[in-house]
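Okay, so here's the structure we're looking at.
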2 protein chains.
Amino acid sequence: MLSKKTKYGLKALTFLAKRDDKSPVQISEIAEQENISQKFLESILLTLRKNGFLGSKKGKGGGYYLIKEPQEISMTQVMRVLEGPIAMVPCVSLNFYEKCDDCPDENTCGVNKLMLQVRDSALEIYRNNTLADLI
Amino acid sequence: MLSKKTKYGLKALTFLAKRDDKSPVQISEIAEQENISQKFLESILLTLRKNGFLGSKKGKGGGYYLIKEPQEISMTQVMRVLEGPIAMVPCVSLNFYEKCDDCPDENTCGVNKLMLQVRDSALEIYRNNTLADLI
DNA sequence: TGCATACTCTATTAAATCTATAGGATAATA
DNA sequence: TATTATCCTATAGATTTAATAGAGTATGCA
């Protein structure tokens, strides 16, 4: 299941990408328009900024804004930052690999075999979609 | 993330499918061989039985056994029973559809658009894999 | 300088879900 | 009738997610 964090983060990014100009938008405006708890959204936008997707400006006239073109923001990056591993099990994760402690051999593990395919197919979707494609 | 329930369930099914004969196998044997908590596995096998994947026999010589051929057990069915919806958001779920209360229009929602693709690609993988393919 | 604005950051709580365990009930076998 | 092994419900413990609170910091403007 997709977390609210990811869902809200994607919605916020989409909201910003839809706008014509790149002037800062206040958290409160995004929260209101997208029906998101403002405080919760606050923390999400913060991590998006820390990971290089957004810029921010404090004080009057401040807010958040995209610092890259929508078509340059791959869903792979966004998903990894917000949702974490794309793989459903750590033993098939490219960026968050971890061995299963209950599994003696990954090469003969059916779960591994299946989840490897699922990871690859999801990855292909994310690679083929940028923020611009969500609009 | 794949739940332990699903992971253990798949492992148990695979374990049974690997065997040549179809005589009942005790929970304790599967649990030991696959490094799964016996009590937890008990409840998992129970739901697999209730959903038509396994048969069971009580008393001495009892246990669980497959009641269909491995190549007839689609991963789509297994995943839905153990893990629940294949979609990552309810608004793109075929079997567990639910409208998002924060989203005014699914047709213009970027999250919906993306997750629809992810669902379809996952579904294709599950459709193309039977229990026999995991061995 | 002083004030209002809006993001920054940490900590905490509340809720939900997942994982695991306990223990008695039921059915089959010998 | 004793033994074996599944059946079933309830519950406890752990983890994760979602949301909130509140003080701190930087900015713009009069």
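Observations, loosely collected:
- For A:Q77, the shell of other residues with beta-carbons less than 12 Å away shows a net charge of +1, using +1 for Lys and Arg and -1 for Asp and Glu.
- For the segment A:120-133, counting C-beta atoms of other chains within 10 Å of every residue's C-beta and taking the mean gives 3.
- Residues in region B:81-97 carry Karplus couplings, in order, of 6, 8, 9, x, x, 7, 5, 8, 10, x, 6, 10, 7, 6, 9, 10, 4 Hz; the curve used is 6.51 cos²θ - 1.76 cosθ + 1.60 with θ = phi - 60°, and Gly or Pro positions show x.
- In nanometers and ordered shortest first, the copy-to-copy spacing of the A:Y97 label point, defined 7 Å from Cα toward Cβ, is 4.2.
- By a 1.4 Å probe calculation restricted to protein chains, A:K57 has an accessible surface near 120 Å², given to the nearest 10.
- Low-density loop cleavage sites - chymotrypsin sites (Phe, Trp or Tyr not before Pro) in region B:1-110, where at most 15 other Cβ are within 10 Å (DSSP): B:F96, B:Y97
- Per residue, the accessible area of region A:4-66 comes to 53 Å² when a 1.4 Å probe rolls over the protein heavy atoms.
- Accessible area buried between chains B and A, both sides summed, probe 1.4 Å, in Å² to nearest 100: 3100
- Taking the 1.4 Å solvent-accessible surface of chain B as the whole, the part contributed by carbon and sulfur is 48%.
- For region A:73-134, the solvent-accessible area of protein heavy atoms averages 45 Å² per residue (probe radius 1.4 Å; ligands and nucleic acids excluded).
- Spacing of the two label points (7 Å from each Cα toward its C-beta) at B:D101 and A:Q26, in nm: 2.6
The values are calculated or read from the model by the stated rules, or taken from the named source; none is laboratory data. Just so it is clear, the model here is predicted, and its values are computed rather than measured. Positions of Cβ are backbone-derived with ideal geometry, glycine not excepted, and every protein chain shown enters the neighbour counts. SASA here: full protein model, heavy atoms, side chains in, ligands and nucleic acids out. Shrake-Rupley method; radii C 1.70, N 1.55, O 1.52, S 1.80 Å.
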